[in-house]
Each structure stands twice: as structure tokens, then as C-alpha cells.
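*Asks:* Here it is, the structure in full.
Nothing in this text is a laboratory measurement; each read-out follows from the coordinates by a stated rule. Predicted, not measured: the structure shown is a model, and the values here were computed from it. Virtual Cβ from ideal backbone geometry, glycine too; neighbours counted across all protein chains shown.
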Amino acid sequence: MPSFAIGETDFLMDNQPFRVLSGALHYFRVHPELWADRIRKARLMGLNTIETYVPWNAHAPHRGEFDAVGQLDLARFLDLIQAEGMHAIVRPGPYICGEWHDGGLPGWLLRDSSVKLRSSDPGYLAAIADYFDAVYQILAPRQIQHGGPVILVQIENEYGAYGDDKDYLRALTTMTRSRGISVPLTTVDQPTPAMLADGSLAELHRTGSFGSRALQRLAVLREHQPTGPLMCSEFWCGWFDSWGEAHHTTDAEESARELDELLAQGASVNIYMFHGGTNFGFTSGANDKGTYRPIATSYDYDAPLAEDGTPTEKFWRFREVIAKYAPVPADVPARRQDAPTLQVPLLRSIPLWQVPLVEAEQFGPLPAAGDFGADGGYSCYSTTIDHGGLLAFGEVRDRAQVFLNGVPVGTLSRDHHERMLPLPVEAEGELTVLVEDQGGVNYGQRLGEAKGLLRPATLGGVPLDQWSAGALNLHDVGVIRAALDAAPSAATASGLCGPVFIAGSFELAEAADLFLDTSRWSKGVVWVNGFNLGRYWNRGPQTTLYVPAPLLNAGHNDIIVLETVAAESAVARFVARPDLGPTEE
């Protein structure tokens, strides 16, 4: 029977010392038809293990559900890892951070004000129990002792940066073990004494998360993990991008030097990320350490394998380093080739307000988005006013476009700390506010905060206490497509004012990766063949969206764009190479 264990100084595979050479690859950020390709390329770099988070909110958008098909087919992903002859590390949280919406915690849970998150609160643990029932049914039979790939499972995630509830960690450990998980259990924290002490238990194996100063950080880790193998289970080889900031990159040679220093100490490693992938749809998270910073759609991470699966300079430098410590296959992946280029006129359009996407509810005082079940994406609020003055909200989360009788009058952005807008004295009629949830905070004490417009709402100092509100249902584009099909076709692809849906179609000789140039648009969302590619924003840094080949057809394809502000050109331009934006020197 195969085995994996923690020895006095090493991991032990079948009782022999084993160094974990792992790379992070999140199945939920990669099209499932590309999983095998990305896994194989990890092996070609010299890795022997794949690590992934499990996003609770993606698998269980509603309580009592657990979706594990298509892009969420964790079982298939693990089986593909095994088929490539590799091992797996799984981090099911329940909190994952990962620059993912709400850190992976489901919206229905966050809306329960009686629950204390990331604690031994009985209500929180009861919800986790249902989740663990489902996820461990997938993991348990795929552990190494049963002939599967899983060698390590992580408890929680960087908990020492959040709390110190040891009863919580013990409960998660007990729940994990009672569901048939017998491989070693780990925790991860940044290597500071306080975080390593608060974030783990004696019976769990501590690992570190860092991207530099390996000797110093491994020494701190050893003080708190006196026996067993040292492991950096998040070796940060790059970084994520936020809207409005530069594209983050790290020097390939310097990153390789840091990796070499780490491996020279005999440590195991998980490269975060080996392949970042994409925050498709409305899945990206946000950070808020005084100013709200929503995460971009691309999760390229300046990783060894780029967002489109092609090797970067970091891939080749890491491969050279790993070859000093372990066998590396002779085969190498192909380098990037130019993608097909084409221009698609988007001749069909219809204003957002003419598409029946909102099932509005009636409220008195202003409701938060969670009060009408919204979880990500867009919400719409409306009320009737009979005078102007200063329109003010308690807070805007996260971006509000204000319209009077359908005419735009201003925008309020959370990242600019805006919550007030002057309306003309003679203002009268229907006041409508389109609110975008730009991503739930995924790290720190603001985790799980309410979204939408927050009370109070006043106009000229007078409370506005009669509201109609609801979420935009953008999960199924059938209604949008039907409305566009019924709309007249324009003669030319001229510029458009939003919020508006625009659409077109194009032909391909064969399916291939594409890169959609969004530089002539302002802000919105794109669907190709009904799949939500994610957000674009002229604030940058990225000016292209990645379109994976498996989404496309040889022959007919369609594209739908929701442009919320304005488009200089109603043309979809597909370009040869991705553009993730300028970098800081």
C-alpha cells in the first residue's frame, strides 16, 4: 500500500525521503478542457505535485447544494493529476483568500448575521460540516493510501493573520479526520512568531508563505516547527493585479535565485502560482486596507506558465534550478504563437433598461444587496424624487452609476471614497442607481461585509425611504440574447452610450485561443458563446481579455458585451498577443 507521512526531518513517500516540488494550479480558474495541458506542463518544469484551493462559494452558491461538474469537477481534476503521474495537495479552507470573491465563503452564509466567521461559533461549524461532507467524499478515496494522488490536506488558510481560536482549528481538524482524511494535515502562515503561533496546533504541520529571504524565514519557521520537513507552501513568485494599478511582475532571475536558495536548504516548496489562470465572471475578490482595491480579471500572476498556458522566462529559469535537485523531463512545452486576429462589428444593441433582468422587490429604507439575495455582479435601485439637492448614501459598495429619468447624472466610486452627488434643484422623476459589486473583500477583518447601497439615503438632508431594488440576473444570457435578436441591426458599428448590450458574431476556421482588445471600451462585461469572460475596465492595467480555445467553435461564434459607460467603437477586436498593462520599473 502506498504511503505518505511526516518523518523526523523529511516527508516520507513509501518510507523514503521525498521532497515536494509543487505548483499551484486552481481548477476553477482554468477551462476544464485545458487542465491536462497545464498539469503536464507543470511536470515538464520538473514539479511532482499540483496544489489547489477549493472555493466553497463556487461549489455551493445555495445552502444544501454542492456543484461539482464542468469547471468545478474537482474529482476529474485530481484524476488528471494522477494520470500525469503527479501528486496533489488540496486546500479546502473553508476560507481560502486566493484573491477570490469573499475569500471563498458563500454569500448565503455571509448574510446570516448570527454567524461569527472563521471561529468555533456553532452556526459556522454546522455550515462547514455540510461542505466538508461533500468535498471530503471526493478527496477521501483519492488519498495516496487508496491509490490516489492526494498527499497533503491543509486546515484553514493563513489563520494566524486573522485570529487565534484554537477550538476552531481543533474542530476543523476533527471534522477532517472524521470524514476519512488520514494523510498529513498542514497549516500555512507568514513566518512571523505571532502568526505561526496563532495559526496552527501542535498536531498540525506548520508551513510558511513567503517569496524572499528564504534563510531567515525558514529559520523562523523551524523555531515553531522543530521537527519534520521545512516547507514554503506559498512561494510567491509573482503577484496579482488590481484595477487602476500597474501590472505586477518580478524579475525571473531573481525569483530563480530565491527558489534556488530555498531548495538548497533541503526545503519542500509549492510555487504560488505555477499557473494563475483567469477570474472569469464575477469571481475576483478585493482588498481593503483603508482603500478598496478590486482585483483584475487576469490572474496571470507573472507565473511560470502565463494566463494562456504558454511558458514565460520564469518557467525556463525555474526549470534550470529544479534540475539541480531533481530529475527534469527532456520534453519542453511550445512557446507562444500569435493568436488569430479579426474585427467583429457589433451591430445589434439594446439599452440595459429595456431587457427584463431585474425582479425588483419593494422596500422602505434602503436595502443592502444581500437583502434581495444579490451575490456579486450588478444590482439596480430606484425611487421617485420631487426635488434636487445633495444625494448622499451611508456608503457605496462598490460603484454606483446614478441616472435621473434614464439620463446619467454621475458616478460614485468606493475606491475614491465617494458617497455624495449633487442633483439639480429642479430634479424630478425616477432616480435609478446601477450598483456594481466589484468583488468581495478576500482578506482581513472586512471579510463578509455587506454590498450595494448602505443606509442612510438622503436627498437634501431628507431621508429617502421608499425603494425598489433587485439583482440583475446575468447568469443566463438567454434573455439578453433574445432581446438583442429582436432589436434592429445598425448599419455601422458606431460608438454607443451605456449602459447598453451590444452583440455580434464571427466565424473561425478552427477553435484557437483569442485575445479580445477592450481598449476602446470603458467598463463592462463580455460573454463569448454564453460564457462570462469577466470584467474589463479602461482603468487598466489589462487591456485584453483571454478567450480560451475550448469556448470557441470551428464555424459560428457569438459575442455579447455589457458596456456600462460608453464605447468609442462598437467593434470587437481580437489581437495577436495579450496586453496585461504597463509595469513599474
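*Asks:* Charges on Cβ only, +1 for Lys and Arg, -1 for Asp and Glu, centred on the Cα centroid of the range 358-471; of LEU434, ALA360, GLY376, which one is farthest towards the dipole's positive end?
*Replies:* Checked the options; the winner is GLY376.
*Asks:* Which residues' amide hydrogens lie under 5 Å from the amide hydrogen of GLY452, considering only partners 5 or more residues apart or on another chain, with H built in the peptide plane?
*Replies:* Those lying under 5 Å, H to H, from GLY452 are ALA369, ARG397, ASP398.
*Asks:* Same structure again: Based on alpha-carbon positions alone, could you give the equivalent ellipsoid semi-axes of the range 55-156 from the gyration tensor, as √(5λ), descending, whole Å? Walk me through the numbers before you get to the answer.
*Replies:* Working: eigenvalues 137, 37, 28 Å².
Value: 26, 14, 12 Å, ordered largest first.
*Asks:* Along each principal axis of its Cα atoms, how long is the range 358-471 end to end? Whole angstroms, biggest number first, please.
*Replies:* Between the extreme Cα coordinates on each principal axis of the range 358-471 lie 44, 30, 23 Å.
*Asks:* Under 22 Å between alpha carbons, and skipping anything fewer than 8 positions from LYS314 in its own chain: which lysines qualify?
*Replies:* Straight-distance partners of LYS314: LYS41, LYS324.
*Asks:* Run through every distinct alpha carbon pair of the range 133-223 and return the Kirkwood hydrodynamic radius in angstroms, one decimal place.
*Replies:* Working: mean 1/r = 0.0718 Å⁻¹.
Every distinct Cα pair counted, the radius reaches 13.9 Å.
*Asks:* A further question follows. Just tell me which lysines come within less than 29 Å, Cα to Cα, of LYS166; anything on the same chain fewer than 8 places away is out.
*Replies:* LYS116, LYS289
*Asks:* Out of the DSSP beta bridges found with both residues in the chain, what percent are antiparallel (nearest 5)? Kindly include the intermediate steps, with their values, before the conclusion.
*Replies:* Working: 93 of 124 bridges.
Antiparallel bridges make up about 75 percent of those DSSP assigns within the chain.
*Asks:* Here's a follow-up. Please compute the Kirkwood hydrodynamic radius of the chain from all pairs of different C-alpha atoms, in Å with one decimal. All intermediate terms of the calculation are to be shown ahead of the outcome.
*Replies:* Details: mean 1/r = 0.0399 Å⁻¹.
Hydrodynamic radius (Kirkwood, Cα pairs) of the chain is 25.1 Å.
*Asks:* In what sequence, highest mean first, do 364-374, 431-441, 327-337 appear when ranked by Cβ atoms within 10 angstrom? Please list the in-between numbers first.
*Replies:* On the way: 364-374: 18.7, 431-441: 24.7, 327-337: 11.7.
Put in order of decreasing packing, that is 431-441, 364-374, 327-337.
*Asks:* Which number comes out as Rg/Rh for the range 1-118 once both Rg and the Kirkwood Rh are worked out on C-alpha atoms?
*Replies:* Numbers: Rg = 16.5 Å, Rh = 15.9 Å.
Computed over Cα atoms, the ratio is 1.04.
*Asks:* Compute the relative contact order of the range 1-160 as a whole-number percentage, counting only Cα pairs closer than 8 Å that sit 6 or more residues apart in sequence. If you can, show how the numbers build up before the last one.
*Replies:* Numbers: 245 pairs, mean separation 39.8, N = 160.
Averaging sequence separation for qualifying contacts and normalising by length gives 25 percent for the range 1-160.
*Asks:* Among SER413, GLY448, TYR53, whose Cα projects farthest towards the positive end of the dipole of the chain, with charges put on the beta-carbon of Lys, Arg (+1) and Asp, Glu (-1)?
*Replies:* TYR53
*Asks:* Please give the Cα centre distance for the range 163-226 versus the range 493-557, rounded to the nearest Å.
*Replies:* 42
*Asks:* When the Karplus curve 6.51 cos²θ - 1.76 cosθ + 1.60 is applied with θ = phi - 60°, which whole-Hz ³J(HN,Hα) does each residue of the range 95-103 get, with x for Gly and Pro?
*Replies:* Values, residue by residue: 8, 10, 6, x, 6, 9, 3, 6, x Hz.
*Asks:* Could you work out the helix-only [θ] at 222 nm for the chain, with each DSSP H run of four or more residues adding -39,500 (n - 2.57) and the total divided by the number of residues, to the nearest 500 deg cm²/dmol?
*Replies:* On the way: 11 runs with 108 residues, N = 585.
Taken over the chain, the calculation gives -5500 deg cm²/dmol.
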